[in-house]
Amino acid sequence: MAHFDEKAKPFSHQWLNERLAIDTVKKVMSSEYWIPKDINFLWAMGMILAATFGLLVISGIFLLMYYQPDTAKAFDSVNYTIMTEVGYGWLWRHIHGVGASLVFLIIYIHMFTGIYYGSYKRGREMIWLSGMLLFVLFSAEAFSGYMLPWGQMSYWAGMVITNLFGGFTPDLAGGALNFPGFVEWLRGDYVPAQAFLSRFFMLHVFLLPLAIIGVIVLHFATLRIPHVNNQEGAEIDFEESARLYKDGKKKESKVIPFSPVFLSKDVFVMGVYFILFFYLVFFHFDFAMDPVNFDPANGLKTPLHIYPEWYFLWSYEVLRPFSFNIGLVAFAFAQVAFFLLPFLDKSPVVAPASRRGLFHIWFWLMIIDMIVLSVMGKLPPEGAWNIIGFGAAVVFILLFVALPFITKNEKKA
Amino acid sequence: MNSRRDFMGMALGGFTALGGIGALYAMKRSWDPLPSVKSAGFTTIDLSGAVENVLNVEKWRGKPIFVLKLAADAPKSPRQITVGGSRYLVVIGLCTHLGCIPSFDIAADNKNKFKCACHGGEYDINAVETFGPPPRPLDIPPFKLSGTSLVLGEEGPEYKKMLASGLTLKV
Ligand code: HEM
Ligand code: FES
């Protein structure tokens, strides 16, 4: 049996250590979790995401105290009760709306940092895959949350997106891939109505946040053994560097401990971020609230022009310019394409894109293409916009098809 | 020893799998539309007051239903319903692409059409798709003629004929 010191004071350091091994836990999780020195502010995005998620949870809890998941009351409970009656209700709502929007901005920066430095391959595949899982879960979380105020955009986005699950047209493969009944099953009704609102409410405030918390833990766990990448993509001998650091040769060592050294840098970047965040919350919250959603849901009137929130525009535009069946395949592809990245990149080189020849071009083409798609997704589907949107959607797909070929013969940098 | 442990493992695994399947079935059933939702699916609409070329929007199962009395010189189509000597177009007003409500544009020479603003789909006067992503004409709701009225949700012989000849999908 383990040794317990009878004289240790309850809850003293020794007492806790004998029961919970807190010294070991602290070493493994922070003071001897080594982070390379050669990184920049882009490596702070992960902790910024965690902090923003924390703000979404806290603001969500306060919204939840007055929100009513009832099709007759939901709109007023948000736009009247929370916004005008509840003391500081507007604050929680604006934090929640701005947070939901900025969390996607930071997710995209975080993702493209990973792509730029090649942090998704050579031992880091699980980090990438768990990260993509978080992206999908956050997308579902944002979509389900968007249903809750039960405005016109909530209703019609709910109608259009659930219809995507009806499968292909009945003339394809003898109708084997057509399942209109599935859409009604998802909704619990012929159209989005009470059953729909209640179940999306359940998903938004319980099941999805729970899954997100679980996958955040998984994401952190996948980082522990391969460690984070660095600006050069250099392979670091962590044991050697850790020894140097612990021997006091901090200059010679290539690493710093996660806590308190790296975390203090994180906190600085977070400080800058939160200045921007609260500037938006107090003075520019309107960018995160669509004016059309300030009309209550009406099943007999579609808004003139419907479009998703900015962070879904690029994938929506991959769907829009095609005929029904092709659009569905293209859209499904866009949702999962980034999962495939570690397997489509055939080059063993881990280095910044700027030193990877063709991949460097691929990287910037991808960013430009996604921006073009996002802009076209917001414009009405007419004339030249249709053609540009179609071109950009085709380029998006071709970029993924081309990736294995352009990385296959990449020379070692 | 080993085989006894294996047996226990398989027995436990088998019962757990059975329980799991049962639980999944219960969960699936809980997501089903309620019987009250299913049975609220009948609506009667009176056509006698309709005016030519004016689109009336009724509601059935929460969905908008377009009712359009056609002008005497409008082109004929098997998708039209004849009641008391007049021809009507009765369709579900949800775009067959992803379900937005198309708008009705009145134009000269019976060139009236339905336009969907969501992804640019267009339909002609008989609600047959002519442009954009919609894969099929606007669906015709199940109907039964009764005097100058239509009962939506019930399948009358006229509707069954349309279904059989592939003019609409079953909704
Ligand atoms: C446990 C965490 C969360 C809880 C308890 C929660 C709760 C709520 C509630 C009650 C509403 C309705 C009130 C309103 O519309 O302002 C709401 C709306 C919303 N939520 Fe959340 N939420 C959580 C996390 C998230 C996350 C992580 C995201 C996105 C990444 C998100 C995105 C949204 C969006 C887009 C809306 C609509 C906001 C609006 O139209 O003002 N939520 N949430
Ligand atoms: S929903 Fe009408 S064109 Fe897409």
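Put simply, what bits of segment A:338-385 lose 30 Å² or more of accessible area when the other protein chains are there, versus the chain on its own (1.4 Å probe)?
A:Pro381
Using a 1.4 Å probe and ignoring any ligands, DNA or RNA, find the accessible area of B:Thr44 and quote it in Å² to the nearest 10.
90 Å²
Between helix A:383-408 and chain A, what is the angle of the helix's C-alpha long axis to the longest principal axis, kept within 0 to 90° and rounded to the nearest 10?
Tilt relative to chain A: about 30 degrees.
I need the phi-derived Karplus couplings for segment B:35-41: 6.51 cos²θ - 1.76 cosθ + 1.60, θ = phi - 60°, integer Hz, Gly and Pro marked x.
So the J values, rounded to whole Hz, are x, 5, 5, 4, 7, 7, x.
Note the angle between two axes, namely the Cα long axis of helix A:45-64 and the longest principal axis of the Cα atoms of chain A, as a number of degrees from 0 to 90, rounded to the nearest 10.
Value to nearest ten degrees: 50.
Report, by chain and number, residues whose modeled amide H sits under 5 Å from the one on B:Val83, excluding near sequence neighbours (fewer than 5 apart, same chain).
For B:Val83, the qualifying residues are B:Tyr88.
Residues of chain A: accessible area per residue at 1.4 Å, in Å²?
On the way: 20190 Å² over 413 residues.
Value for chain A: 49 Å² per residue.
Work out, step by step, the length gained on full extension between B:Trp31 and B:Arg5: first 0.36 nm times the residue separation, then minus their alpha carbon distance; give nm to one decimal. All intermediate terms of the calculation are to be shown ahead of the outcome.
Numbers: separation 26, 0.36 × 26 = 9.36 nm, distance 3.87 nm.
Separation in residues times 0.36 nm, less the Cα-Cα distance, equals 5.5 nm.
Residue-wise, which Karplus ³J(HN,Hα) couplings in Hz belong to segment A:189-206, taking 6.51 cos²θ - 1.76 cosθ + 1.60, θ = phi - 60°, and x for glycine or proline?
6, 6, 9, x, 8, 4, 4, 5, 4, 4, 6, 6, 5, 4, 4, 5, 9, 10
Once Lys and Arg get +1 and Asp and Glu get -1 on their Cβ, which of A:Met65, A:Pro36, A:Val217 lies farthest toward the positive end of the dipole of segment A:20-302?
Towards the positive end, the residue furthest out is A:Pro36.
Inverting the mean 1/r over all pairs of different Cα atoms, compute the Kirkwood radius of segment B:72-171 and quote it in Å. Before the final figure, lay out the partial values.
Details: mean 1/r = 0.0708 Å⁻¹.
Over segment B:72-171, the inverse of the mean reciprocal pair distance is 14.1 Å.
Assigning unit charges at the beta carbon (Lys, Arg +1; Asp, Glu -1) and nothing else, what dipole magnitude in debye, to the nearest 20, does the protein assembly as shown show about its Cα centre?
Values: 50 positive and 46 negative charges, 228 e Å.
Using only the charged Cβ atoms, the result is roughly 1100 debye.
For segment A:196-228 and segment A:274-316, what is the separation of their C-alpha centers, rounded to whole Å?
Each part reduced to its Cα centre gives a spacing of 24 Å.
Take every Cα-Cα pair in segment A:1-97 and report what % of them are more than 21 Å apart. Don't jump to the answer; show the numbers that get you there.
Details: 2910 of 4656 pairs.
Considering segment A:1-97, 62 percent of its Cα-Cα pairs are separated by more than 21 Å.
Give a residue-ordered list of calculated ³J(HN,Hα) values for segment A:356-373 (Karplus: 6.51 cos²θ - 1.76 cosθ + 1.60, θ = phi - 60°; whole Hz; x for Gly, Pro).
10, x, 4, 4, 4, 5, 4, 4, 6, 4, 4, 5, 4, 4, 5, 5, 4, 4
Take chain A, compute every pairwise Cα distance, and split them into 10 Å bins from 0; I just need the percent in each bin.
4, 18, 26, 25, 16, 8, 3, 0, 0
Roll a 1.4 angstrom probe over the protein heavy atoms and tell me the percent of accessible area of chain A that is carbon or sulfur.
On the way: 14270 of 20190 Å².
Ligands and nucleic acids excluded, carbon and sulfur reach 71 percent.
Rounded to the nearest 20 debye, what is the charge dipole size of chain B about its Cα centre when +1 sits on each Lys and Arg Cβ and -1 on each Asp and Glu Cβ?
Details: 20 positive and 15 negative charges, 133 e Å.
Value, rounded to 20: 640 debye.
How much of the pair distance distribution for segment A:315-413 lies past 16 Å, counting alpha-carbon pairs only, in percent? If you can, show how the numbers build up before the last one.
Details: 2786 of 4851 pairs.
Value for segment A:315-413: 57 percent of Cα pairs lie more than 16 Å apart.
Could you tell me the distance between the Cα centroids of segment B:124-144 and segment A:23-87, to the nearest Å?
46 Å
Let me have the 222 nm mean residue ellipticity of chain B computed from DSSP H runs of 4+ only, each contributing -39500 (n - 2.57), with the sum over all residues rounded to the nearest 500. Can you show the working numbers first?
On the way: 3 runs with 43 residues, N = 171.
Theoretical 222 nm ellipticity from helices: -8000 deg cm²/dmol.
When the expected Rg is taken as 2.2 N^0.38 Å, what fraction or multiple of it is the alpha-carbon Rg of chain B? If you can, show how the numbers build up before the last one.
Working: Rg = 23.9 Å, N = 171, 2.2 N^0.38 = 15.5 Å.
So the Cα radius of gyration is 1.54 times the expected 2.2 N^0.38 Å.
The values are calculated or read from the model by the stated rules, or taken from the named source; none is laboratory data. Small disclaimer: the values here were computed from a predicted structure and weren't measured. No Cβ is skipped: glycine too gets one built from the backbone with ideal geometry, and neighbour counts run over all protein chains shown. Note: areas computed on protein heavy atoms with side chains; ligands, DNA, RNA excluded. Shrake-Rupley method; radii C 1.70, N 1.55, O 1.52, S 1.80 Å.
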